[in-house]
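Written out below as structure tokens is the structure these notes cover.
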Amino acid sequence: MTRVLVPVEVLAGKTVAPGLMALLGTVDVTVLGYHVLPEQTPPDQARQQYEERATAALEDLSEEFRAAGGAADHRLVFTHDREQTVTRVADEIDAEAFAISGMTGDADSLLVSLSGEVAADRIVEFVIELIGNRDIAVTLLLATDAEAAVDDRLETAATQLREAGIDTNTSTATGSPFDSLMDAAPTHDAIVIGEAAPSLRSLVFGDEAERVAASSVGPVLVVRRDDESESIES
């Protein structure tokens, strides 16, 4: 079963929008409650102080995910490095993707980026599992440099999605993949992107996350690269 990791800054009062819970109702979910500590604070000390309150919040979130239709469990981590923790836990649970939470209602449309050196087949497989038999439309976006060679990944992916019964459109753009993604984001309810896409690290862990929030209030689902695969598309 496809599994998605949902990091939540649980002690800061952060939660998950009902629309994202509903969108992930076709997959298994692990809610990762995390709290970033000052360098001088030992994790064990923080756990003793905050574990009970954080665990109660995570149990409530997990129950809400289950009510939305999917299976859900949770983990609690006190850490000095959020990025390292998210990556480590995603590896441990073999998550196909993780979610950057956003405020959203019902997700009726997905923007799926195939820009950059991403595993297009892996992204398509994830989208098919995520949508299931629901009436959710997909726009596939491929942004390239002006001199980039034309490839067939856009139409290949569109064919696979249409054969799975998914309403699919395609869109191309010339220039920055990140800027093209942000230009298209406001007209879609959620974004799916590959882990190796340009600017992804800053999108997830840095200042560009604010640009995502400014362009789209919907969530971003990041499909992880399969490091064991030798067939990553470019």
Handout entry: Options LEU24, LEU20, LEU11: the member that is in a helix (DSSP H, G or I) and open to solvent by 10 Å² or more (accessible area, probe 1.4 Å)
Key = LEU11
Problem - Scan of segment 63-85 for residues that are modelled with pLDDT under 90 and either on the phi > 0 side of the Ramachandran plot or surrounded by 16 or more Cβ atoms within 10 Å (Cβ to Cβ) (or both), ordered by number - result: ALA68, GLY69, GLY70, ARG82
Fill in the blank from the handout: Of the residues in segment 1-56, those that are at pLDDT below 90, farther than 22 Å from GLY69 by Cβ and among the hydroxyl-bearing types (Ser, Thr, Tyr) come to THR41
Practice task
Go through segment 21-58 and give me each residue that's out of contact with any strand residue (DSSP E or B) (no Cβ under 7 Å at 6 or more places or on another chain), under 26 Å from VAL222 (Cβ atoms) and not small (Gly, Ala, Ser).
Solution key: MET21, THR26
Problem - Enumeration of residues in segment 103-122 that are on the phi < 0 side of the Ramachandran plot, in a loop (DSSP other than H, G, I, E, B) and either open to solvent by 10 Å² or more (accessible area, probe 1.4 Å) or basic (Lys, Arg) (or both) - result: MET103, THR104, GLY105, ASP106, ALA107, ASP108, GLU117, ALA119
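Within segment 30-60, can you find the residues that are hydrophobic (A, V, I, L, M, F, W, C) and in contact with a Ser or Thr (Cβ under 7 Å, 6 or more places away or on another chain)? Before the answer, list the steps.
Taking segment 30-60 and keeping what is hydrophobic (A, V, I, L, M, F, W, C), we get 31-32, 36-37, 46, 54, 56-58.
If the condition is that a residue be hydrophobic (A, V, I, L, M, F, W, C) and in contact with a Ser or Thr (Cβ under 7 Å, 6 or more places away or on another chain), then VAL31, VAL36, LEU37 are the ones that fit.
The values are calculated or read from the model by the stated rules, or taken from the named source; none is laboratory data. Everything quoted here is computed from the prediction, not taken from an experiment. As a convention, Cβ positions derive from the backbone with ideal geometry for all residues, glycine included, and neighbour counts pool all protein chains shown. All accessible areas refer to the heavy atoms of the entire protein, side chains included, with ligands and DNA or RNA removed. Shrake-Rupley method; radii C 1.70, N 1.55, O 1.52, S 1.80 Å.
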